[in-house]
Structures are given as structure tokens and as C-alpha cells.
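The values are calculated or read from the model by the stated rules, or taken from the named source; none is laboratory data. Bear in mind that the values here come from a model prediction, so they are computed numbers and not experimental data. Note that each Cβ is placed from the backbone with ideal geometry, even for glycine, and that neighbours are counted across all protein chains shown. Accessible surface is based on the protein model in full, side chains and every heavy atom, while ligands, DNA and RNA are left aside. Shrake-Rupley method; radii C 1.70, N 1.55, O 1.52, S 1.80 Å.
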Amino acid sequence: MGDISKPVRRFDAPEKIMGTARYVDDYFEEEMLFVRIVRSTRPRARIKSIKLPKLPSGYCVVDKNDVPGENRIKMIFDDWPFFAEDVVNFYGEPILAIAGPDREKVYELSNAVKIEYEDIPPIYTIEESEENKRPPIFGENNLFADYFYEKGDPDGAFRDADQIVEEEFRTGFQEHIYLEPQGMIAKYEDGRITVFGSMQCPYYVKNALIKAFGFPEDRIRVVQTTTGGGFGGKEEYPSQIAGIAAFCAYKTGKTVKLVYDRAEDVEFTTKRHPSRIRIKGAIKDKRVVGIEVDIALNAGAYAGLSSVVLQRAMFAATGAYRIDNVRVLGKAFATNIVPLGAFRGFGAPQAIFAIETFMNHVAKKMGEDPVRFKLAHRYKKGDTTATGGLLRSEVRLPEITEKIIEMSEYYEKKKQKEKDGKLYGIGFSMFLHGCGFTGNGEEVLKSIARLKKRKDDKVEILISNVEMGQGPQTTLRKVVAQVLGIPMEDVIYENPDTDKVPDSGPTVASRTAMIVGGLLYRVAKELKEKWKEGEEVVVEKQYRHPEYIKWDQSTFKGDAYPEYSWGANVIEVEVDPLTYEIEVKKAYAVFDLGTPLDKKIIEGQIHGGMLQGIGYATLEVMEFENGRFKQRTITDYIIPTAMDAPLFETDLVVEPYKNGPFGAKCAGELTLVGAAPAVCAAVEDALGINLYEIPIRPEKLLVLMNKEDN
Amino acid sequence: MKIEFILNGKKVEVNTDPARRLLDVLREDFGLIGVKEGCGEGECGACAVLIDGKIVHSCLVPVGNVKGKEVTTIEGLKDTEEYKVIHESFLDAGSVQCGFCTPGFVMATYALLKENPQPHEDDIRKAISGNLCRCTGYSMIIDGVKLAAKRGEKLWKD
Ligand code: FES
Ligand code: FES
């Protein structure tokens, strides 16, 4: 058997380099119609009247009355309409769409639509939503989700504490800025709707269309086109675009293209949930022995996936630390902001930022070195997690920490206070990430993966998971080829088409590599047994969670995840002593993400994920003001360029997961979650103050430092 | 209005509104899909082309401005030896993930190495700072550029 981790050239790369790979906007057809969505220009209002311009022939309006089935995007609560009904709940909510052959004309017509509104008092912040003084957006109390779990005796721990430390943390919005904006092409032919587009989850889109059209499932087909990045942004949101494009195709009988421009994509698609996290720690003998974590997410106008994002945040609340007495509270608040949604890490980045920063602050308060303080609290094999799950595998945090401390020369550098006239700081973070779906997700999904060995002895991978840059076109081919002992080139894995592939679930949470990859590994084993040269053989398997995993979704007790990945980051920063501009100079990472399925692909995931985490902590500012985002383009919303990116140095420690393919665990999200707290710790080190909020903005540091001086 | 220019080495003529974005003309009228629209605001570099050898964001250029000029897109570079070196180097360095930014980075790399065959890390970072990539963290793209500089050595000096 070859070494699965050894890098190979990516299968998807040549076409992408040449520019011949087709993303959704690269498909053109004669007589194709363009669509422009007419959106609410009020954050919250009743629609009083709509006045349409005179439409030339060939142009049409599509609105809620053109939805053949239910005007609801299928998600967890199904409260989110494709087109607003009587009320709009966020600035930019789709009200209707205009379709026609000339793009400029479509834009012109859509700008000429006049809508009269009657405003309703809007709710923007967690606090306003919590106070519930204005007419609620959702239910009676604005809560999409309200959860709670406990372990041990937190009240006892607080009663007996030497000291109680209470802090409040805030995290901001984060926009995905996948480089390819969202888009879909829809057709209605022979009684069937077909949608092509940029997406992570073909079956989410398919199921949404089944509900929206009220069609039997064989009348809906969804095909993924080469996807230019997703990061969670193309998890649930594509259903919105697919629906609108498909309604237009259904009404006109023509092929319809709906591709967002960047400004639309920045302002009106989902983003990472802002959070307020309050942590109260009971300290005894210089150790955190009890903790209460209260997590509030600003969830936006519709429930979307917020309840599950909140669950992941809650299950990550105590980070990589064993604390025996735990209480975790969580609420997802409705506000009049675009629905917040999935984004790499899915609630964990907020929680890990808070717990890591809290642990740093407590360590400093106790006069201890944060690294040693954290190590003293770390999980070990055999411990139970905050939800009472069992850690069955070795937790190699001591080794991870040792490596990163040595690699970064942490303690030598820690003494340094200045560099080239800048304030110098270094910060450390330690963390975990739960692999795969949260809680009972996999049980509900029951994914199916299939391999088809063709007569020409080539093998097709038939799954619904997509390549969006993270590498499965290469890594999954490697897995299957290696099990079967055939060349990788003989394994075929095309962009999924729901007419051809079974539902192996969404492309999220690193489940493509670990869960679906593991399933494919087992399918390939069976195919190998059944292999008959020159004949077609099809093998298919349904995923079953390992028997030993116990989880109660109603009490949040047990194994919230089947396995965990672990890591530590060290970040070096230089802060300008006058402007407090932050430069992130170097980023170190050591991860245990199981067996890497390709070292180079993993390296790419690490750099990209960390840079998104660094951006989250520094440059990526999105403010909400007067009912609208202030940053509406990528001129205003800044993501790191090559000039902002640090040098990276990384290493791996490998503790394989026995059900992952060749021992792979989760990777993509893990690489992001630890960066923000490490940046924060580094800036704190440089300035000698405590911080409680990301993004860390120079103008706020200036105010804080002036206060310090006085 | 009739606008003549040289596109990927061939003389072409379009009859269109001179205010139309060069990006749209290249994609829609000539089917050159290697030129991508990532922002339409001049921020991302996915639409990068060469105009008379200089790298330009085609989303900011009205097609009327290229009258009589020489426009080169990734499709026009594809058969050159220089391109082949960049192609192989990007493959080996792992410079590509989702790929949406990649043709733009290839153009930037080509423009850089033509001007500065042995760039330092800082030169590379500066040269690609007009291109955004959300996937890679840039490091492995920079490796790709370095590799192309090294492998192409003589090519870049002509
Ligand atoms: S599309 Fe031209 S710079 Fe982004
Ligand atoms: S590879 Fe995805 S944006 Fe660069």
C-alpha cells in the first residue's frame, strides 16, 4: 500500500489554471434570460403597494404568486420565504424578480419598480431582541432556539470557589468572500426543472425545489458546476437563488441565469453570526473548576441553520479543557438583518475565541503562564467532554504544544517587547474541533455512497459531495484507488448530478473526507471482493454511526461528535505604537487532524483557514448601521491580500480515527478556529492590556490605550 | 461603434457600445471564460488581462479604450513556453484550490516574471497584491511563482 499522505497533483487543477474550468457564469446559451431580484429597501416593513414599470415584450415579473408549491425555503424551521409575502424582515429581502433577454434592460426595469412600505419598528441587536419591547419577529420572544445543558454541579463549584471571574466577549460578522459569487442557471423542459450552479449541497437544493414546486422528486434535477469556494456560504443559501431562478424558468419556459454581482453577494447573502458570550468561572486552587457559558447569537431575520450553529457553539464552549462542573446556555435571537448562516467552523470560532481569551485572562490573573495553565486543564483520553461524551482516542495536546513552542521559539520571543520600532507580541491558542455533523445529524441523514465499476474497469465515485477547492476530487480518488489497488486515473469523480448520485449528504463539517470518505473506503473494500474484470459491478452502502456513540438530542448528553481534531496556534504580531495598526507577521500551527489524505492539500487548508481566522480577528469589519451594512462591496469589506498574509510554519501530529478513511479526521474548520484567539493573545501581549472583542480594530485600541494612559 | 484591437495575437473588430466593460466583451462576445468576474470593482484581479503587456483589471476598462491596442488573456498565453512553466509550477506547488482566482494569478505571475525574472518574496507579494485569493492564504501561490521563476530561468530573460 502506498502512502496516502504523499502529495499528488490535483485532478481539478489543470483546467482551473488554464481558465477552461466552467463555473456557473461561464455557461452561455442563446436566448438565455437574465434575472434581477428586486429587494426590500427597508429593514422591516409591511408592503403596502408595488408599482411595476411597463414591461416590454419578452420581459416578465416573477413573485410569490409564481411559486407553484410552498413559498418557503426548506431548512430546519422553514420560516424563510423565497419572496417576501406581506412583510419584509431585512434590508435586501427579495420581493420579486424581473427576467428578460437584455441584462441592462432587466437592471433598468428592476430599478423602476416602486414599492410603498409601512415601517415596523426594527430590531437589530441581540439586546434589542432580548428586551422584546418591539413586536417580535419570531414567535413571542424572538428566539429561534433556546438551549441549555449541564454537567456536574456548577452551583456547588461557584459556592465553594476561591474566586469567581466573569467576562463578556463579542465577535463580529464575517462575510465569506468565496471568490466566485453565488449563481444558478435553471431550465424547465419536458416537465422537469433542472438547476445548475455553484453549491455545496445538491440535495439541499433539490429538496428545497421539491417543496417549492410541489413536484415529485423525479421532476427535479440539480447539478453542481465547478464551485469557486464555499466556506459554508454555499451550504444553505443557494436554495434561495435556485428557487428564484427556477420559478423564472418555469414561468417563461426559457433558460434563466441568475448570478449575483459582488455587491449583492456581500450585502445580501448569509454571514457568520455575531455573538455575545458571557463566561463565569469558578476558581479553586488556581484552577477553573466550574464554568457557566452563556452564548447569544444574532441570527438575523429567519431561522435558517442558526439552531445548529448555536448547538456547535455550545458544545465547543469549554474548548479543549476538562472542567467538571459546567452550565451552558444558548440563545439564537431573531433580528432584522440578513439571515446569518453557515461559515467554516459553524459557531465554534465564536466559542473558541471566548474560552481561549478567558483562559488567558484567568491565567494572567493567577500569575501563571497561559500555556502551562491551559495544559493543566486540557482534556485527556478517557475524560468526558462538557456534554458527557467519552474521549476514546489519545489526546495529544502535550506533544502538539511542545512542538509549537519549540518551532515558534515562543518563550524566547515572549521576552521581546519591541521590534523595528513596533510593539511586538506573541500569542498562543489551544483548541479542538468536533468532526462531522453535530449531535444526531448523521443519524437523521443516513447517507448513501456508491461505487460503480464499469465494464472498462474504471470506477465511478457516486456521491453528492462537491469539490469547492478543499480537494475531494483528489483525496477521495486517492482513497478509492488505493483500496482497490488501481491507478488514480482510473477513478472517475464528476461534479454531482442528482439524477446520477445518491444522497451522501451535504459538503460540510469535514464530513466529506471523514464520514463519506470512510464510507467510500468500506464500499471500495467490498467492491474489491466483488471485482470482476470486464463486468459492471455496483456497490453501495448506507452510513451508520458507530454503535458505541451515544447521544441524546433532547438533553444534549453524550457524544456530540464521533471524533475530535486538535490543535495549537502561535501568532506573532507587530503593532504600530501610534496608529495601533496590527501586522500579523508569522503564524505557526500544529494540528492533529488524523491521517492527512494529501499533505499538500492539508497544507493549503491550513494556510487558507488560518488566514480567514486572522482576517476574522483583524481586518474583516462589517458594521450594521441604520438598518444596513456599512460595508457593501469588497472595496469596503477588506479581506487579507498577499501583503497582509503572514508566513506560515506548520506541522502535524497524527492520531488516526479508526472509522475515517486511512485514519483521517476533520481538517477544514479546525484550521480556522484557533487563529483569532491567538491573534488576540498576541495583541494583548504587545499592548499589555486585556481584550474582549474581535475584530480588533486600531481605532478601538487607540481609545483603550488612551484610557490606560490616563 | 466599431472597435478594432488585437486580441490574443489576432486582429478583431467588435461593434458595440464603447462604454461596455472589456471584461464583458471578452467573456460574452469572444467566449473567453478564463477572464473571470470576482468583483467588478477592480479589487480582486480575477479579470486580469494584459493590455500592451501591462497587467490590467478588465472590469475597469471600457472596451473603447483598447482601440488599436493589444489585449492578451489567459487563452492567449496558453500555448507559450512561459505559460507552460507557470502551469507546471502551480500544479507542483499546490497553488490552486477553488481555482476561481487562478487565471488572474497566472497573468500576474507572467507580468511579474517578464519584468523581474528573479523576484524576491517581497516583490512577489507586491506583484500579486492586486489579486485576491480566499482559499490558499497565498503562501503556496507564492511558492508557485518562485518555482516558475526558477524553472523558467532563461525564458524570462528574453
Ligand atoms: S472582477 Fe475585475 S478586479 Fe475583480
Ligand atoms: S483558489 Fe479559491 S480564491 Fe484562490
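For the stretch A:459-475, the residues whose amide N sits under 11 Å from a probe point set 7 Å from the Cα of A:MET488 along the beta carbon direction are A:472-475.
With each label modelled as a point 7 angstrom along the Cα→C-beta vector, the A:GLU583-A:PHE28 pair spans 4.5 nm.
Measuring between their Cα centroids, the stretch B:76-133 and the stretch A:195-245 lie 34 Å from each other. Annotation: A:PHE196 carries an accessible surface of approximately 50 Å², with a 1.4 Å probe and no ligand, DNA or RNA atoms counted.
Taken about its Cα centre, the stretch A:381-535 carries a charge dipole of roughly 220 debye when the Cβ of each Lys and Arg holds +1 and the Cβ of each Asp and Glu holds -1. Solvent-accessible surface, computed for protein heavy atoms with a probe of 1.4 Å, shrinks by 50 Å² or more for the following residues of the stretch B:27-52 when the other protein chains are added to the isolated chain: B:ARG27, B:GLU28, B:ILE33, B:GLU41. Throw me the Rg/Rh for the protein assembly as shown, computed over C-alpha atoms with Kirkwood Rh, two decimals. Taking Rh as the inverse mean 1/r over Cα pairs, Rg/Rh reads 0.95.
Listed cross-link partners A:LYS48/A:LYS133; A:LYS51/A:LYS105; A:LYS105/A:LYS254; A:LYS414/B:LYS126 are compared with a 22 Å cut-off, the Cα-Cα value being larger for A:LYS48/A:LYS133; A:LYS414/B:LYS126.
Ignoring ligands, DNA and RNA, how much accessible area is buried between chains B and A, both sides summed, with a 1.4 Å probe, to the nearest 100 Å²? Heavy-atom accessible area buried at this interface is about 4100 Å². The Cα trace of the stretch A:649-696 gives Rg and Dmax of 15.8, 45 Å, the first to one decimal, the second as a whole number. Determine which aspartates and glutamates satisfy two conditions relative to B:LYS114: a Cα distance under 14 Å, and not lying fewer than 8 residues away in the same chain. Output for B:LYS114: B:ASP52, B:GLU81, B:GLU82, B:ASP123, B:GLU153, B:ASP158. Note on A:636-649: average number of Cβ atoms from other chains within 10 Å of each residue's Cβ is 5.
Largest first and in whole Å, the equivalent-ellipsoid semi-axes of the stretch B:2-74 read 17, 13, 11, each the square root of five times a Cα gyration tensor eigenvalue.
Only one residue of A:LEU520, A:LEU619, A:ILE582 has its Cα farthest out toward the positive end of the dipole of chain A, where Lys and Arg carry +1 and Asp and Glu -1 on Cβ, and that residue is A:LEU520. Counting only protein heavy atoms and a probe of 1.4 Å, the accessible surface of the protein assembly as shown is 47% carbon and sulfur. Annotation: peptides A:330-337, A:149-156, ranked by per-residue average of other Cβ atoms within 10 Å with the highest first, follow the order A:330-337, A:149-156.
Taking 7 Å steps out from each Cα toward its Cβ at A:LYS500 and A:ASP78 produces label points 3.2 nm apart. Note on surface exposure: A:TYR379, A:TYR147 rank A:TYR147, A:TYR379 by accessible area, highest first, 1.4 Å probe. Rounded to the nearest 10 degrees, the angle from helix B:102-115 to the longest Cα principal axis of chain B is 80 degrees.
Ligands, DNA and RNA are left out, and with a 1.4 angstrom probe the accessible area of the stretch B:80-157 is 34 Å² per residue.
Of the residues making up the stretch B:118-157, those losing 30 Å² or more of accessible area when the isolated chain is joined by the remaining protein chains, with a 1.4 Å probe, are B:ARG125, B:SER129, B:LEU132, B:ARG134, B:CYS135, B:GLY137, B:TYR138, B:SER139, B:MET140.
Rounded to the nearest 0.05, the FRET efficiency derived from the C-beta distance between A:LEU647 and B:ASP79 at R0 = 41 Å is 0.70. Legend: residue pairs A:LYS257/B:LYS2; A:LYS455/A:LYS530; A:LYS403/A:LYS665; A:LYS271/A:LYS630, Cα-Cα distance threshold 18 Å; pairs beyond threshold, A:LYS257/B:LYS2; A:LYS403/A:LYS665.
Accessible surface ranking for A:MET314, A:MET75, 1.4 angstrom probe, highest first: A:MET75, A:MET314.
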